[in-house]
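Heads up, the thing below is written out as structure tokens.
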Amino acid sequence: MKIATRHLLSSLVVVVALTLTLAFTLDRRLHARISHETHGDLTREARLIAALWTPGTSAALLAHDAGQALGHRVTLIRSDGTVVGDSEFDSTRVAQLENHAARPEVASALRDSVGSARRPSPSRGDEEVYVAVRAPLGVVRVSQTTRRADAIANGAASDVIAAGTIAALAALALATVLANAISRPVVELRNVTRALASGDLSRRPAMGGPGEVGELANAVRSMSEQLDDRLRSLAEDESLLAAVVESLGEGVLAVDPRMQVVRTNAAARALLELHDPTPFPVERLPGARELRAALAEALQGTIAEPREMPMGDRVLVITGRPLPRGGAVLAVSDLTRTRRLEAVRRDFVANVSHELRTPLTVIGGFAETLAEGSVSSEDRTRFARLIAANTQRMQRVVDELLDLSRIESGGWVPRPATVDVGEVATDVLGANAAAAQRQGVALDARISANAREVYADRTALRQILGNLVENAIRHTGEGSIVIVASRDTDGWTTVGVRDTGSGIAPQHLPRIFERFYRVDTARSRESGGTGLGLSIVKHLVEAHGGRVHAESTPGSGTLITASFPPAPAVTHS
């Protein structure tokens, strides 16, 4: 209910209540006052008639004359209750009236000298007031109807009600004006506060000034301005925090005390494979034991120490911290790359140690034998050649490791230029002609007309083709090795080496570009292979922004290619 309506209703209720109370009180008091005065008047009249009722006086005549003079009914009654005179009846009718000794007012007058009663008149039917006074000859009773007294009281009550109605209407009109004057600013303040609560912080109360309502309007205006400033500051802080959290490489997720995940960043969604929009219950998080344990510790107010958690092919580390007001924050880091690098490092150290141990063992053994001196000249020469061959093998391993390290670390940067593929192929085939001849392998080059030139580093291209040809010679007993080159419609130039050797089994193809990986370990070491050539090829090609590819059929040969992107377009300013 609106304040104006409440004010009007309250004012109307007050006026009506006052009017009814006044009318009721006035009616009661007026009736009592009139009744008291009537009783007194009738008592005095009865005593006057009692003084006139003497022996020898006609009771009927006295009653008639007194009734005519007073305008009231006068009844003269002997002490035994017999009516001897009544102003309302003649002598015949009076004789027929019943004995009045039992009438309350008569009995009271005979007992106490004065008696009164109020009741309907048996003879007239109207309600009357009876007052009886004891006289020397009996009882004098004077009665008066209550119609006139009731009319006066009812008239007064009607006047009061009419005046109250007028007052109520006037009060209603005045209350309407006052209620509107009070409710308008209150309604405006209500609308402003509702707008503020709904997020519209631009609303301000238009009114102000002195008085309680004006002070309230000023307070609301000040509150809205401060709220606007604080919310803007909070929004800026929230945006900054969200940007920082989203930019973190670590996954972050927050859980509130109701076990709802209320915030996640992109890293956490990717690492934990989360797809539900926040908020969502913690039951939808991965069920890994490590994650649940870290979350439970953090929710209990304990800092959860880092613990590793497998997640598919990844290795994650989970840490947790409790929030001051309940809840927890979990941090998720991806250790997969670190663990892989550690595994690569371990494998690298083991492979290098293995690659160097064999030649070192050969060199040490033959060197000790030569140091003893009891060796023929032929054996001495053979031992020296073996020592030199293993030294060269060790040197080659070290050189290729240095090359690979320099490429991977970014210490070597290709300087691409337009290179004649045919010239580089001729140099490579010439350098490997003797080895191919010993193996009974024919060397050739087939360069497509549209691929005579490639945009690449000349030295790197020669090393790429040289490594591929050397690798093909080691795995081709008899047959042919061909350097090929072609260009696709997108401008990429592909160069490679095709052989007719033993081929590579499908399970080995994905790993042939790994360091120290050999398909045929014994044969590769016998032929002087280090297991680093194809890895160097891959890194050199990828440094150009290119890609390598291998195709092979066991028993039919292998094709390994390197694709180089086209030269960038030249812009003229």
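Brief remarks on what is shown
- In segment 543-565, the residues that are under 27 Å from Ser405 (Cα atoms) and assigned to a loop (DSSP other than H, G, I, E, B): His544, Gly545, Gly546, Pro565
- Yes/no for Val413 being without any contact (Cβ under 8 Å) to a residue 40 or more places away in the chain and more than 24 Å from Ala550 (Cα to Cα): no
- Here Val484 meets the list (1) in contact with a Gly (Cβ under 6 Å, 6 or more places away or on another chain); (2) closer than 27 Å to Pro566 by Cβ; (3) surrounded by 21 or more Cβ atoms within 10 Å (Cβ to Cβ) almost entirely, failing just condition (3).
- Verdict on Val482 being modelled with pLDDT of 90 or more and in contact with an Asp or Glu (Cβ under 6 Å, 6 or more places away or on another chain): yes
- Verdict on Gly81 being small (Gly, Ala, Ser) and not in a helix (DSSP H, G or I): yes
- Restricting attention to segment 73-115, the residues being buried (at least 20 other Cβ atoms within 10 Å of the Cβ), touching a helix residue (DSSP H, G or I) at 6+ places or on another chain (Cβ under 7 Å) and closer than 20 Å to Leu48 by Cα number 11.
- Of the numbered criteria (1) out of contact with any helix residue (DSSP H, G or I) (no Cβ under 7 Å at 6 or more places or on another chain); (2) closer than 16 Å to Gly491 by Cα; (3) modelled with pLDDT of 90 or more, the one Ala562 fails is (1).
- The residues listed here are Thr361, Thr369; of these, the one that is β-branched (Val, Ile, Thr) and free of Cβ contacts under 8 Å to residues at least 12 places away in the same chain is Thr361.
- Contact map, segment 490-506: residues that are in the same structural domain as Ala451 (by TED's automatic domain parsing) paired with residues that are in a loop (DSSP other than H, G, I, E, B) and polar (S, T, N, Q), Cβ distance under 7 Å, separation 6+ or inter-chain. Pairs shown: Asp499/Thr476; Thr500/Thr476; Gly501/Thr476; Gly503/Ser556.
- Considering residues of segment 442-468 that are part of a strand (DSSP E or B) and touching a helix residue (DSSP H, G or I) at 6+ places or on another chain (Cβ under 6 Å) only, the residue farthest from Thr561 (Cα to Cα): Leu443
- Taken together, the residues in segment 428-441 that are assigned to a helix (DSSP H, G or I), more than 29 Å from Arg415 (Cβ to Cβ) and in contact with a helix residue (DSSP H, G or I) (Cβ under 7 Å, 6 or more places away or on another chain) amount to 3.
- Qualifying residue in segment 31-49 (condition: more than 16 Å from Gly115 (Cα to Cα), out of contact with any His (no Cβ under 9 Å at 6 or more places or on another chain), in the same structural domain as Pro136 (by TED's automatic domain parsing) and among the basic types (Lys, Arg)): yes
- Of all the residues in segment 471-513, those that are over 60 Å from the mean Cα position of the chain (by Cα), polar (S, T, N, Q) and more than 23 Å from Gly546 (Cα to Cα) number 4.
The values are calculated or read from the model by the stated rules, or taken from the named source; none is laboratory data. Since this is a predicted model, take the numbers as computed values, not measurements. Here Cβ is always computed from backbone atoms with ideal geometry, including for glycine, and neighbour counts include all displayed protein chains.
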